[in-house]
Amino acid sequence: DKPIFMKDMESMDSAMEEFNYHLKDFKIKKYLTLGNHERRMFRKEDSNPTFYGMCQKEFFGNCKKYDWQVIPYGKYLMLGGVGFIHAPINPMGKEYGGKNAEIQIANDSLHDLVFGHTHKDRDWKATKIGDKKFIRVVNVGCALPMNHVEQYAKLNMTGWSYGIVELSIWDNHIQEKKFVSMDRLERVYG
């Protein structure tokens, strides 16, 4: 519904403006990897004449306004030999999911990977034969307010992890990972 969507876009604009404000004069590249929710929004827009053109125009307009490079759904952003994606896609063309998603992804992957689709903080290394000794898959959780559960998941046991992840990458691998909870961030930065 349009009013709810416009509130989401206002929230997105406000968050990106705040992010830019705190960057001050630091010139860094900013990336946004599209996920299943954006894909769903764009499909709804394409099938509904009253929405047609509105969602993508507003969404991509905000990204352009704050100089965020958008990575399409299902495509990897490769940084330092590590792939970043919201929802990794399996050989059948579906998003990986379930209790053991990290294990399945690591077994199928040819490079280290970072994703957040299942909203859980998990870290998995799969041993490989050959030059690549291992593949590391890090699921970064979600940066929602502590203990917030989205309406679509209210009836599920989520096990979501609320926080941010700091990664150190070199030699084409994720070498170090540190999870910082939203609770800690709110206590430290208020």
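The values are calculated or read from the model by the stated rules, or taken from the named source; none is laboratory data. Note that this is a predicted model, so its numbers are computed, not measured. Cβ coordinates were reconstructed from backbone atoms using ideal geometry, including for glycine residues, and neighbour counts include every protein chain displayed. Calculation scope for accessible area: heavy atoms of the full protein, side chains included, ligands and nucleic acids excluded. Shrake-Rupley method; radii C 1.70, N 1.55, O 1.52, S 1.80 Å.
The candidates 57, 30, arranged from most to least accessible area with a 1.4 Å probe in the full protein assembly, appear as 57, 30.
Under the combined filter of DSSP loop state and at most 15 neighbouring Cβ atoms within 10 Å, the range 34-113 retains these chymotrypsin sites (Phe, Trp or Tyr not before Pro): 52. Computed over the chain with a Gaussian network model linking Cα atoms closer than 10 Å, the most mobile of 128, 44, 99 is 99.
Do any of 30/65; 125/177; 65/120; 30/99; 44/94 go past 24 Å between their Cα atoms, and which?
Listed pairs above 24 Å: 65/120; 30/99.
P(r) for the range 126-190, from all Cα pairs and a bin width of 10 Å, is 18, 35, 27, 16, 3 %, short bins first.
Surface composition of the chain: carbon plus sulfur atoms hold 53% of the accessible area, using a 1.4 angstrom probe and ignoring ligands, DNA and RNA.
Cα centroid separation, the range 44-74 to the range 124-148: 29 Å. Computed from the Cα positions only, the extents of the range 39-96 along the three principal axes stand at 41, 32, 9 Å, in decreasing order. With K and R counted +1 and D and E -1, the other residues having a Cβ less than 15 Å from that of residue 69 yield a net charge of +4.
When a/c is below 1.5 the answer is rounded, else prolate if a/b is larger than b/c, else oblate, so apply that to the range 72-190 with a ≥ b ≥ c taken from the square roots of the Cα gyration tensor eigenvalues. Oblate.
Relative to the dominant Cα principal axis of the chain, helix 36-47 is inclined by about 40°. Taking the Cα centre of the range 83-190 as origin and assigning +1 to Lys and Arg Cβ atoms and -1 to Asp and Glu Cβ atoms, the resulting dipole is close to 220 debye.
At 1.567 mPa s and 4 °C, plugging the Kirkwood radius over alpha-carbon pairs of the range 1-150 into Stokes-Einstein gives what diffusion coefficient in µm²/s?
After rounding, the answer is 75 µm²/s.
Sorted from greatest to least, the principal axis extents spanned by the alpha carbons of the range 85-154 come out as 45, 25, 18 Å. Over the residues of the chain, the helix contribution to mean residue ellipticity at 222 nm works out to -10000 deg cm²/dmol, using -39500 (n - 2.57) for each DSSP H run of at least 4. Per residue, the chain exposes 66 Å² of accessible surface when a 1.4 Å probe is rolled over the protein heavy atoms with every protein chain present. Taking 39, 187 and ordering them by how much accessible surface each has at a 1.4 Å probe, largest first, produces 187, 39.
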